[in-house]
Structures are given as C-alpha cells and as structure tokens.
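Worksheet: the structure to be examined is printed underneath.
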Amino acid sequence: MVWNTATGQVEQTLKGHSSSVSSVAFSPDGSRLASRSVDQTVRVWNVATGQLEQTLKGYSSWVRGVAFSADGSRLASGSVDRTMRVWSTVTGQLEQTLKGHSGSVRGVAFSADGSRLASGSNDRTVRVWNAVTGQLKQTLKGHLGSVSSVAFSPDGSRLASGSDDRTVRVWNTATGRVKRTLKGHSDSVRSVAFSPDGSRLASGSGDQTVWVWNIAAGQVMQTLKGHSSWVGSAAFWLDGSKSHSFYSVDRSMAWVTQNGSRIMYLPLDYRGVVATDDSTLAIGARNGRVTIITFCSDVKT
C-alpha cells in the first residue's frame, strides 16, 4: 500500500508475495522498492505506480538481506542457503551467485561506487567481494556473534558491521583491519547506518535503543530511547535545512520515531519489516502486503 500521512488515505496496495515479507529496501533514487519474502522470491516494484516490475527466483530457502547498487542497476540478496545472488534490475537476470559463507547471509551492502559488495553472516564473518567479478577480496574476522547488518561509508573507506555480540566494528576497507570497536549496547546490534557525510554512525539494537556515534572519537553522541521492542532498521535523513533527522521503527512496528520521539502509531496489520528513504518508510507485513508511508515536510516531533 501507499499511504499518504497528510490525508490518512491508502493510495496503492503492493501485492504479490504468497508468504510473509522478511525485508524491504529502496533503490538509491527512491523510484523502486525491493521486497524479499519467505516465499523464496524477491520482487521489485515501481514506487510511483505500484506496479510489479520483476520477480526474482532461484533460492532454495527464504531470502534475508537485500540491497540495491548505487545506480540501481543491480540488486544483491542474501539467503539462509548461505549464498548471495546478484541480479540485473534491467533484465531481471541472475548475474552472480557468491558462495563462501558457512552460515546464513543476513546483511548485504554495495559500496557507493558499485565496485564492492559486503555480506554479513551467521558464521560471524564479514566478507567483501569484487562486485564486478564476484571474487572474494577480504574475510573480516573478529566478531564473537552473528553479523546481522553491514554498511559502507559514503566514501567507501570504511565498513561498519553490527553483531549479536553487542558491538559495532568499523573496518578499514583498504587494509581489512578494525579501526573502531564500538561498545555499549546491552543486546545484539541489528542495524547500522552512516550519516550522509560519513562522520556519524547509527546503531539499532535489541536493547530497544538507537545510538548515534561520533566515529572519529569513538564516542556516543546520542542515545535515542522510546522503542517497545528491538530496533531492526535505522537510517539518517538529510532534510532541507541540512540538519540530520533520524528515522527508525521498532521491530514490533508499533511506532515510527523521528530523532527518538514517537510521531506515528501503526495498527497491528501495518507492522513488519521496514526500509527508509528520506521521509518515506516501506513496511513489509506478514500477510505479504507492502505499505509505503510518505511523511509530509511539516511533520514535527
């Protein structure tokens, strides 16, 4: 569905999955949305029209992480079958199947220039791949628990990973060494996101908080509280005033928050996994439906 928060009206319904939606992700320009499901497919939607553009198949188990390349021409997805697949969003054809992890692939991310692809796994490693050739470039070890999320910095010089070991690690992508280990969460780290200028990092956790870090200093700048369950998605938004607003939704999807303050309550049928694109949220529900919520610029906390 596409839901206009100004009018409270549903504008579109995105239907097609035969089972619950396990993740959603916007293309960098916000024109398309990818949804992955327990039905072992990834579907690519046109956000403006709500039309289904592609149905990507081929997995032997359900799909977990999904991410677009910066130019939107490729889509990577990870699976419980321990593989990562890279698709062309132009043709819908499978381009690569990347193997090497010994556990489920939970998080995937392209570098901004599209040359590298990172994957985080239940095998406690982060792997960095050449996104053009599919060759494994680095295996980053150090986490003591499953790696659930990965994110490249805007300039590609750093890679952040969040883990069930309750830490965030920031890696130097040139050397493969850890630059920072950020500690403080009391539960697993489920999501990580760099600010647009790369100076800050947000981490969402099972301890029901979002922490915003100064990466250079390795210090916490803000602790955002108010969630009633663990935080499964987080993102920065660069608004028109050039100040950074922070949107996230807790895993129960009961509340949408902006900078830690509750701004919107969601009925039970509209809760699920979430992706953010500026002031737009996409939510994939257990009934296979995808809801898109666009906030007006005058929404205040």
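Quick note: the coordinates plus some simple rules give every number you see, no bench work behind them. No experiment lies behind these values; they were computed from the predicted model shown. Quick reminder, even Gly has a Cβ in these numbers, built from the backbone with ideal geometry, and neighbours come from all protein chains shown.
A 23 angstrom limit on the alpha carbon distance is what I want to check against. Which of K137/K183; K99/K183; K99/K137; K57/K141; K99/K179; K57/K99 exceed it? Walk me through the intermediate numbers first.
Details: K137/K183 27 Å; K99/K183 31 Å; K99/K137 13 Å; K57/K141 31 Å; K99/K179 27 Å; K57/K99 17 Å.
Exceeds cut-off: K137/K183; K99/K183; K57/K141; K99/K179.
Figure the gain on full extension for Q93 and L136 (residue separation times 0.36 nm, minus the Cα-Cα span) and round it to one decimal in nm.
Numbers: separation 43, 0.36 × 43 = 15.48 nm, distance 2.14 nm.
The span from Q93 to L136 would gain 13.3 nm if fully extended.
Taking amide H positions as modeled 1.01 Å from N, with prolines and chain starts lacking one, the residues under 5 Å from R190 and 5 or more places away or on another chain are G204, S205, G206.
The amide H of G134, built 1.01 Å from its N in the peptide plane, has no neighbour under 5 Å, considering only residues 5 or more places off or on other chains. Projecting the Cα atoms of G72, T83, S23 onto the charge dipole of region 14-89, computed from C-beta unit charges around the Cα centre, puts T83 farthest toward the positive end. For region 138-150, the Karplus equation 6.51 cos²θ - 1.76 cosθ + 1.60, evaluated at θ = phi - 60°, returns couplings of 8, 10, 9, 10, x, 5, 9, x, 4, 9, 9, 8, 9 Hz by residue, with Gly and Pro reported as x. Placing dummy labels 7 Å off each Cα toward the beta-carbon, the span from M264 to S102 is 4.4 nm.
The label-point distance for A112 and D197, in a model that sets each label 7 Å from Cα toward Cβ, rounds to 1.3 nm.
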